[in-house]
Amino acid sequence: MNWLRALAATGPVPVYAAVGPGMTDEVRRLALDPVVELVATPRHASVLLVAGAVPPSADAALRRVHAQLPWPCATLWYRSRPFPELDYPQVIEAPEMLAGALQELHRAVLRGPRGREPVLLPDVPPAPFEGRGDYGQGGEGMMGGTPYGRPMAMTTDDLRDGLALDKLELSLGPFFRGLPSGLVLGLSLQGDVVQRCSVEAPPYPEPPAPPFLQALERPMPIAALELARARHHLGRLAEALDLAGLGAPGRRLLRSAGGLAPGRRLRWLGPLVLGSGLLGCVGTGHGRLTRDQAVGAGGPAARAAGQAMDARTEDPGYRQLGFEPVVQRGGDTRARWRQWLDEIDQSLRLAARAVDTDAHTASSGAVEGPCGRLTRDGNPPDLCPVLESILPGCEWGEALAVIASLPLAGTMMPFPAVTA
Amino acid sequence: MDLLTLAVIALAALLLGLLAQRPRLRPARPPWPARMPYLGGGEPATHAWSRFHVRYYPMTLLLIAFEMEMMFMYPWAVVYVAEGLKALAEMGMFLGILGVGIVYAWREGALRWQ
């Protein structure tokens, strides 16, 4: 091993995470580990972490991501099934071993004892072009031709001023870092403006935090529910900060989410998030839900649009604590982020009061989860179709911010079978 | 003669250096799947060779126009002390006309980010 590789082996492990169903929280926690650096693209990574059981429908996409890691690289399969073509796949099951295994694999890759992982896709151009065309240039020229094996983008009118220029057609996901895992979007882009958006596959479902499930079965301490809610909102805000390039404040939020306790307040949170410039990433009115969409969404998204819908108002335990839902007016991306901030503060106050009075939930028919109403016999609404109407017209960065502010299916909780 | 020797040595060193680097000049190209654009597992349907509107174009034109006008202030600054009030009045008129131009551009929406 030369000195450059020895030096690289001492640094944090650049990891690209392909996140399967139910693994978002575990991968999010990895961001706090000093030995791991979660990178934005496979080209920056030395280790690909495949977390969770990736469904067969995403197999081809995972192979494409795997092929994009620069050599030398390796793959760690955490609670997932490795590709059968790999000779000696690294598979682990225990979460406490995850960071150590990533570091060990990174060092092994740099030392060189591991053989080169094979590229699992055929080594042929995805759209053959060599030797084609009159001069072997690969295509038929400009408009309407197929230079380098892919059709040229055709023109369409720009949404803003009708200027007819080329639109780029692509599908994004299911392992794109800025989207919830599993979500595949079909996009038409003109420059960096979204012209069309269609949901080709919904995000993977995420299991709810255990206190919310337990509250559907039996009375639960309100403090536990409210701390879980604050933790969820802190995690989502941390994701939005990370997406905006504000990784350090995002990690601070994640750390504080791990250390939440009744009676503890986060007075620095509002000034930190509002002063970080996060709200400046997206203009006023972007991602605004209509009244019907907001009512259909429920939860913080509805309250951010001024709809005081909250299952907690029906619970005598919460009424005893003087609970009143907080609402915003805008219904847009900024309002949803402000709603999370206000609800974190409200949850911490409620948790402190609930501990003092030993308050428990009284009704178990419906529970207000962190993303909306949870019942025994119904899934929360799927907000993905809303993307098709609110993303067109957004610049690309704004579109990602809008997605980061919405409780999409991947961050909501389809109701799993509750065991008694 | 010394110069010629030095030139020959420098040329030889250059050639040797290039020869030494030759294996590195053309590293093995990555396999085809590694050259795909990163779309998180997705694929592009069209060639990325596409035309789109550079939205900051009017801004750049305005910037260049005003930058060029600012160049006139350098010779003015050189003669300002000698000319005194007359130079100040002339520059005031010049900046006043520019100011009217900015107000006009603003009214027409040239400064609006599209």
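The values are calculated or read from the model by the stated rules, or taken from the named source; none is laboratory data. Everything quoted here is computed from the prediction, not taken from an experiment. Here the Cβ positions follow ideal geometry from the backbone for every residue, glycine too, while neighbour counts run over all protein chains shown.
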Practice problem: Considering every residue within region A:25-33, establish whether at least one is assigned to a helix (DSSP H, G or I), within 11 Å of another protein chain (Cβ to nearest Cβ) and surrounded by fewer than 23 Cβ atoms within 10 Å (Cβ to Cβ). | Solution: no
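Results for (1) modelled with pLDDT of 90 or more; (2) outside the structural domain of A:Ala240 (by TED's automatic domain parsing), shown as yes or no for each residue.
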{"position": "A:Phe323", "(1), (2)": "yes, no"}
{"position": "A:Thr333", "(1), (2)": "yes, no"}
{"position": "A:Arg336", "(1), (2)": "yes, no"}
{"position": "A:Gln346", "(1), (2)": "yes, no"}
{"position": "A:Ser363", "(1), (2)": "no, no"}
{"position": "A:Trp396", "(1), (2)": "yes, no"}
{"position": "A:Thr411", "(1), (2)": "no, yes"}
Practice problem: Find the residue count for region A:185-205, including only residues that are closer than 15 Å to B:Leu39 by Cβ, within 11 Å of chain B (Cβ to nearest Cβ), among the aliphatic types (A, V, I, L, M) and in contact (Cβ under 8 Å) with a residue 24 or more places away in the chain. | Solution: 3
Quiz item: Can you find even one residue in region B:33-42 that is touching a helix residue (DSSP H, G or I) at 6+ places or on another chain (Cβ under 6 Å) and not in a helix (DSSP H, G or I)?
Solution: yes
Practice problem: Among the residues of region A:34-69, write down those that are surrounded by fewer than 17 Cβ atoms within 10 Å (Cβ to Cβ) and either more than 9 Å from every other protein chain (Cβ to nearest Cβ) or of a type outside the set (D, E, K, R) (or both). | Solution: A:Pro34, A:Val35, A:Ala40, A:Thr41, A:His44, A:Ala53, A:Pro55, A:Pro56, A:Ser57, A:Asp59, A:Ala60
Self-check item: Residue pairs meeting the criteria (Cβ under 6 Å; at least 6 apart or on separate chains; first among the acidic types (Asp, Glu), in region A:161-181; second part of a loop (DSSP other than H, G, I, E, B))
Solution: A:Asp166/A:Ala153; A:Asp166/B:Ser50; A:Asp166/B:Arg51; A:Glu169/B:Ala45; A:Glu169/B:Thr46
Quiz item: Which one is nearest to A:Ala352 (Cα to Cα) among residues in region A:286-303 that are within 22 Å of the chain's Cα centre (by Cα) and not in a helix (DSSP H, G or I)?
Solution: A:Gly298
Quiz item: Only one residue in B:Glu69, B:Glu43 is surrounded by 10 or more Cβ atoms within 10 Å (Cβ to Cβ) and either modelled with pLDDT of 90 or more or within 14 Å of another protein chain (Cβ to nearest Cβ) (or both), so which one is that?
Solution: B:Glu43
Exercise. State whether the residues of region B:22-31 include one that is surrounded by 10 or more Cβ atoms within 10 Å (Cβ to Cβ), under 30 Å from A:Trp396 (Cβ atoms) and either among the hydrophobic types (A, V, I, L, M, F, W, C) or within 14 Å of chain A (Cβ to nearest Cβ) (or both).
Key: yes
Quiz item: Hey, does region A:259-269 have a residue that's in a helix (DSSP H, G or I) and modelled with pLDDT of 90 or more?
Solution: yes
Quiz item: How many of the residues in region A:118-176 are within 7 Å of another protein chain (Cβ to nearest Cβ), assigned to a loop (DSSP other than H, G, I, E, B) and in contact with a strand residue (DSSP E or B) (Cβ under 8 Å, 6 or more places away or on another chain)?
Solution: 9
Self-check item: Failed item in (1) out of contact with any strand residue (DSSP E or B) (no Cβ under 7 Å at 6 or more places or on another chain); (2) within 23 Å of A:Trp337 (Cβ to Cβ); (3) crowded, with 21+ Cβ neighbours inside 10 Å, with A:Ala248 passing the rest
Solution: (3)
Quiz item: Does region A:60-71 contain any residue that is modelled with pLDDT under 90 and over 20 Å from A:Leu179 (Cβ atoms)?
Solution: yes
Quiz item: Consider A:Ala362 against the criteria (1) surrounded by 19 or more Cβ atoms within 10 Å (Cβ to Cβ); (2) touching a Pro at 6+ places or on another chain (Cβ under 6 Å): it satisfies all of them except one. Which criterion is unmet?
Solution: (1)
Self-check item: Which listed residue is basic (Lys, Arg), loosely packed, with under 15 Cβ neighbours inside 10 Å and closer than 24 Å to A:Met23 by Cβ, from A:Arg81, A:Arg177
Solution: A:Arg81
